[in-house]
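Here the structure comes first, spelled out in structure tokens, and everything after it is commentary.
The values are calculated or read from the model by the stated rules, or taken from the named source; none is laboratory data. From a predicted model like this one, the values you see are computed outputs, not experimental measurements. Counting neighbours? That spans all protein chains shown, and the Cβs are built from the backbone with ideal geometry, glycine included. Protein only, heavy atoms only, side chains kept; ligands, DNA and RNA dropped before computing areas. Shrake-Rupley method; radii C 1.70, N 1.55, O 1.52, S 1.80 Å.
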Amino acid sequence: DGRLRLSRQGVIFKNSKTGKVDNIQASELAEGVWRRVALGHGLKLLTKNGHVYKYDGFRESEFDKLSDFFKAHYCLELAEKDLCVKGWNWGTVRFGGQLLSFDIGEQPVFEIPLSNVSQCTTGKNEVTLEFHQNDDAEVSLMEVRFYVPPTQEDGVDPVEAFAQNVLSKADVIQATGDAICIFRELQCLTPRGRYDIRIYPTFLHLHGKTFDYKIPYTTVLRLFLLPHKDQRQMFFVISLDPPIKQGQTRYHFLILLFSKDEDISLTLNMNEEEVEKRFEGRLTKNMSGSLYEMVSRVMKALVNRKITVPGNFQGHSGAQCITCSYKASSGLLYPLERGFIYVHKPPVHIRFDEISFVNFARGTTTTRSFDFEIETKQGTQYTFSSIEREEYGKLFDFVNAKKLNIKNRGLKEGMKQSYDEYADSDEDQHDAYLERMKEEGKIREENANDSSDGSGEETDESFNPGEEDDDVAEEFDSNASASSSSGDGDSDRDDKKPAKKAKIVKDRKPRKKQPESKKGKDPNAPKRPMSAYMLWLNASREKIKSDHPGISITDLSKKAGELWKAMSKEKKEEWDRKAEDARRDYEKAMKEYSKADSHRGERSKKKKKKQEKQVKGKGDKKGATSKSSSSKSPAKGMSDSFKSKEFVSSDESSSAESKKEDSEDEAAASPPPSSEDSASGSD
């Protein structure tokens, strides 16, 4: 937004945000165009030196006033031209001054100010324009591609002609003058291929068979020189921001691979005085040595940045890197003094200050390897897999020395480090709950050992499934035979009574189990002792609350954990002694309690044995009566012995008269054993 002022001397526009002023003299104006745009109507002004100015936000009614003003003071006819909105993508490109206009017929579709073009690359029948990034805009147009059809004219390449028109007006790095030096046919891993590197004073020119890249030194962030694991090759890595682009691909790193055996003699295309003045002794006119040394030395002097090399890390094999896989490709991970770098596909550089935590995970396919995971503070996760387990100790020590947070400190299979080594080195906060659970687990084990002699015997004797099953079977057998001895009413009653007894015997099993399950919940049992931390917390809780008024329960436990962690060993020992005394008192009380419990158990066993004898005695009597009754009427016994409970109850619910008659007949005909049977039933 801003203010536009038209005067006889010219046009002045002041940007209200930046305060920048565009001042166009009346004598410089060459053309004025009025057209409809997104924000109402717009005015496009072209100057004689090729610059274009566009202003939007006019109302349609203002056209007449502006047209008259331009005629009177600038001697210009304000032409009306509408933009083409058909949506076609096939048209004609016209170059006018600093503007590239894409037209369909006589109507323009869009216009590109060539001063915004940062790079122009050509392909087969294709020209790609890349643009400078606009930091003020949320979304920037970065690239436009034009398809240029081949023509029949000999000697004129339409693609090259198009590119030259763009480059003549574009803000593109031009390779003016001679290069300081040239390195021929260097092997490049990203972007892949063999490239000639031409070193210019302000930029680096990569010239390959298919692509060309011009990299300004201002875009170079870091330089790395990394030895390959085979000790015969070297990686030279150049970190770039913004990255170089090829189509949709972005290359944030330029990686060159050198053989250590390759030597070169280099002569700079400058006289000695210029070299001394420009590089202040960092370079000389004539240099010789290893190729990788020469490239890195020249780059360091021109970019004016330090070269990062691996620190004091040494892996299991003595190399300064670790072989691993990232995503689908195998590569090398270099632990540096201030970060990790992985080469080469895709290259990854992670600084220590952006790491949230690292994690050592078990290998997914085999126990011979493990995974190393890194999560950044932004939430991005990198997993480097298939690392040999021999590298574990070295990498763990390195991470520990750099004081990086390690997510898990647990013991891995086959790893030599003990659990204590992991536990001591981590623990951001004291875990009170975990400590309490450990203490309770120890006490449970001790209780189990102490009470195993007494309680174990009681359990075995009091719950014997085999014996009880036999008892139940005998009672059902006697029930079956006894029920056949008399008439319908008699058999009904005989069937009903043993069924109830059988039910009682069945329910006896869970009753015997209940004391076992409720044994831990006995209110008379001694309470378990608290850990040293819990004793200290109970004593200090009020003090923490008074020091931090309004603190929540969760925050209080966190604060307590921090205070306990920071406490000196001497103070902790005092609470450890109190916890030990409490544990001894508990063990003593537990022994007394278990003795009393065993006495109670013996008394209950004697009672149960008596009850079992009584039940067996009754069963024998029943057996005698059933034998005598079965000999009298075997056929009827067979038919009545399998009456269900429902059948019995339905018979019982018959008329009162039939019941009386049956009972009178019974009283007259029943032998003496049946009277004893009824007496035992009442018992």
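Multiplying the residue separation of LYS595 and LYS572 by 0.36 nm and removing their Cα-Cα distance gives an extension gain of 4.8 nm. Accessible surface for LYS438 stands near 120 Å², nearest 10, in the context of the full protein assembly shown (1.4 Å probe).
Ordering ARG232, ARG541, ARG362, ARG338 by accessible area with a probe of 1.4 Å, largest first, what comes out? Mind showing how you got there, number by number?
Numbers: ARG232 155, ARG541 75, ARG362 120, ARG338 200 Å².
Order by accessible area, largest first: ARG338, ARG232, ARG362, ARG541.
Rounded to the nearest Hz, the phi-derived 3J(HN,Hα) couplings of the stretch 266-274 under the Karplus curve 6.51 cos²θ - 1.76 cosθ + 1.60 (θ = phi - 60°) are 10, 10, 6, 7, 8, 7, 4, 5, 5, where x marks glycine and proline.
Only one residue of PRO243, LEU189, ALA301 has its Cα farthest out toward the positive end of the dipole of the stretch 181-308, where Lys and Arg carry +1 and Asp and Glu -1 on Cβ, and that residue is PRO243.
Kindly identify the stretch 1-146 as rounded, prolate or oblate by the Cα gyration tensor criterion: order the square roots of the eigenvalues as a ≥ b ≥ c, call it rounded if a/c is under 1.5, otherwise compare a/b with b/c, prolate if a/b is larger, else oblate.
Working: a/c = 1.87, a/b = 1.51, b/c = 1.24.
Prolate shape, in that a/c is at least 1.5 and a/b is the bigger ratio.
Computed 3J(HN,Hα) for the stretch 247-257, one whole-Hz value per residue from the Karplus formula 6.51 cos²θ - 1.76 cosθ + 1.60 where θ = phi - 60°, is x, 8, 8, 10, 10, 7, 10, 9, 10, 10, 10, glycine and proline marked x.
For the set GLU138, GLU273, GLU337, GLU612, solvent exposure ranked by accessible area (probe 1.4 Å, protein chains only) runs largest to smallest as GLU138, GLU273, GLU337, GLU612.
FRET efficiency for the THR554 to LEU39 pair, using the beta carbon distance and R₀ = 41 Å, is estimated at 0.15. Explain nothing, just the number: dipole magnitude of the stretch 92-168 about its Cα centre with +1 on each Lys and Arg Cβ and -1 on each Asp and Glu Cβ, in debye rounded to the nearest 20. With Lys and Arg at +1 and Asp and Glu at -1, about 100 debye. Here the extension length gained between LYS124 and VAL93 equals 9.4 nm, from 0.36 nm per residue of separation less the Cα-Cα distance. Tally Lys and Arg at +1 and Asp and Glu at -1 over the other residues with C-beta under 9 Å from the C-beta of MET142: what net charge comes out? Its environment carries a net charge of -1.
With a 1.4 Å probe and all protein chains kept in place, how do SER552, SER16 rank by accessible area, largest first?
Values: SER552 50, SER16 90 Å².
These residues rank, largest area first, as SER16, SER552.
Candidates PHE63, VAL11, LEU78 compared by Cα position along the dipole of the stretch 2-80: farthest toward the positive end lies VAL11, with charges placed on Cβ. Think of each Lys and Arg Cβ as +1 and each Asp and Glu Cβ as -1; about the Cα centre, that makes the dipole of the stretch 181-308 roughly 500 debye.
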